[in-house]
1. Mind listing whichever residues of the stretch 97-106 are open to solvent by less than 40 Å² (accessible area, probe 1.4 Å) and either touching a Pro at 6+ places or on another chain (Cβ under 9 Å) or hydroxyl-bearing (Ser, Thr, Tyr) (or both)?
2. Of everything in the stretch 57-92, what is open to solvent by 10 Å² or more (accessible area, probe 1.4 Å) and part of a loop (DSSP other than H, G, I, E, B)? Give them in sequence order.
3. Touching a helix residue (DSSP H, G or I) at 6+ places or on another chain (Cβ under 8 Å) and of a type in the set (Asp, Glu): does that describe residue 158?
4. Can you list the helices (runs of 4 or more DSSP H) lying wholly within the stretch 109-162 that have 1 or more residues being in contact (Cβ under 8 Å) with a residue 24 or more places away in the chain and more than 21 Å from residue 187 (Cα to Cα)?
5. Inspect the stretch 39-48 for any residue being open to solvent by less than 40 Å² (accessible area, probe 1.4 Å), closer than 26 Å to residue 182 by Cβ and either β-branched (Val, Ile, Thr) or assigned to a loop (DSSP other than H, G, I, E, B) (or both) and give the result as yes or no.
6. Search the stretch 27-54 for residues that are more than 23 Å from residue 5 (Cα to Cα) and pair each with any residue that is loosely packed, with under 15 Cβ neighbours inside 10 Å when their beta-carbon atoms are under 6 Å apart and the residues are at least 6 apart or on different chains.
7. (1) at pLDDT below 95; (2) within 17 Å of the chain's Cα centre (by Cα); (3) surrounded by 12 or more Cβ atoms within 10 Å (Cβ to Cβ): which one isn't true of residue 120, the others all being true?
8. Restricting to the stretch 10-38, and then to whatever is of a type in the set (A, V, I, L, M) and open to solvent by 60 Å² or more (accessible area, probe 1.4 Å), can you tell me which residue is nearest to residue 109 (Cα to Cα)?
Amino acid sequence: MNDSDLISVLIVEDDEDFQYLIRQTLEGETDMIPAGCCQTAEQALSLTEQLRPDVVLMDLALSGSPADGIEASRNIRLQTDAKLLLLSSYEDPDTVIHAAVRGLAHGYLFKSQFEGIVPTIRKTAAGMTPQQHMIRSLILSCLSPAEHTVFKMMLGEEVNLHSSPKTIANQKTMVLKKLDLPSQNALIHIFGR
């Protein structure tokens with residue numbers, strides 16, 4: 001297996017012992033390679049752009065605050081092609097689901113279920129997972145049926161709309177506002193693949 005066939009993983013974790021454990025685990029797999037490690041949100045985006053990993057493992061509570069991991073995840077998703085998995089020591093479903101939705105994550109892992117890290121990375125790298133379908137559905141749940149149709153149109157799907165161009169333009173604006181996305185290009189980047 002050559003390097004281009006390996007799943008490259010960037011580890012973003014501020015606990016050095018846990019970071020080491022992840023790195024050792026990935027190095028023990030024949031189909032994975034740690035692309036790099038870092039401890040801050042700023043380093044995470046910079047290294048993702050530089051190293052172009054297949055998957056980023058993002059600690060949700062960088063520097064003790066879930067907000068850092070969430071916004072770093074969102075920025076990585078909007079600005080790179082990396083798939084993103086949140087790592088969480090929080091096991092409260094509301095906290096983790098909110099973080100995955102806001103962070104536009106492909107999935108999440110509980111640190112207490114470490115044995116699942118390798119298969120989860122593998123499945124995420126391979127394509128759409130049930131967890132990703134669920135997160136995507138939750139992200140889009142804020143859209144009305146009409147907005148959902150416009151969302152599909154924005155992705156380039158054939159839809160049958162009976163609205164005026166002005167109404168469609170307004171609905172496009174509302175879709176981007178509700179999803180907190182800066183442009184139709186960002187929407188296509190996140191949802192179109």
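1. 99
2. Correct list: 61, 65, 80, 81, 89, 90, 91, 92.
3. Judged against the criteria, residue 158 is not a match.
4. 117-126
5. yes
6. Correct list of pairs: empty, since none qualify.
7. Of everything listed in (1) at pLDDT below 95; (2) within 17 Å of the chain's Cα centre (by Cα); (3) surrounded by 12 or more Cβ atoms within 10 Å (Cβ to Cβ), residue 120 misses just condition (1).
8. Among residues in the stretch 10-38 that are of a type in the set (A, V, I, L, M) and open to solvent by 60 Å² or more (accessible area, probe 1.4 Å), the one nearest to residue 109 (Cα to Cα) is 21.
The values are calculated or read from the model by the stated rules, or taken from the named source; none is laboratory data. In this text the structure is predicted, and so the values were computed from the model without any measurement. Cβ sites come from the backbone with ideal geometry, for glycine too, and all protein chains shown count toward neighbours. The protein model used for the area step is the full one, side chains on, heavy atoms only, and it has no ligands, DNA or RNA in it. Shrake-Rupley method; radii C 1.70, N 1.55, O 1.52, S 1.80 Å.
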